[in-house]
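To start, the structure under review is shown below, and the notes come after it.
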């Protein structure tokens with residue numbers, strides 16, 4: 001891991017890419033936690049683990065799917 005981090009931030013372009021991925025992941029995890037808490041969603045560990053293992057490209061769509069499913073469930077329960 002230290003070699004990976006050193007090579008990733010070896011130049012400005014790599015550093016920009018690394019920080020972009022890191023900031024996106026941290027922001028998404030914060031959004032998942034706050035929005036999930038607001039909607040009282042279960043299974044929030046799935047998008048968080050997806051972000052950590054694969055990336056934002058899996059974690060974000062997975063969270064949006066779970067969120068939409070929760071919104072539909074609450075809408076049908078209140079109707």
Some residue of region 21-31 being exposed (fewer than 12 other Cβ atoms within 10 Å of the Cβ) and not in a helix (DSSP H, G or I): no
Verdict on residue 58 being modelled with pLDDT of 95 or more and loosely packed, with under 10 Cβ neighbours inside 10 Å: no
Unmet criterion (only one of (1) more than 13 Å from the chain's Cα centre (by Cα); (2) at pLDDT 95 or above; (3) surrounded by 12 or more Cβ atoms within 10 Å (Cβ to Cβ)) for residue 15: (2)
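Among the residues of region 41-60, which ones are outside any helix (DSSP H, G or I), in contact (Cβ under 8 Å) with a residue 12 or more places away in the chain and either closer than 21 Å to residue 72 by Cα or in contact with a strand residue (DSSP E or B) (Cβ under 6 Å, 6 or more places away or on another chain) (or both)?
Taking region 41-60 and keeping what is outside any helix (DSSP H, G or I), we get 41-44, 54-55.
Filter once more, keeping what is in contact (Cβ under 8 Å) with a residue 12 or more places away in the chain: 41, 43-44, 55.
Across region 41-60, the qualifying residues are 41, 43, 44.
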Selection status of residue 63, in a helix (DSSP H, G or I), surrounded by 11 or more Cβ atoms within 10 Å (Cβ to Cβ), touching a helix residue (DSSP H, G or I) at 6+ places or on another chain (Cβ under 9 Å) and modelled with pLDDT under 95: no
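The values are calculated or read from the model by the stated rules, or taken from the named source; none is laboratory data. The shown structure was predicted, so the numbers you read here are calculated from the model rather than taken from an experiment. In this analysis, Cβ positions are derived from the backbone assuming ideal geometry, glycine residues included, and neighbour counts consider all displayed protein chains.
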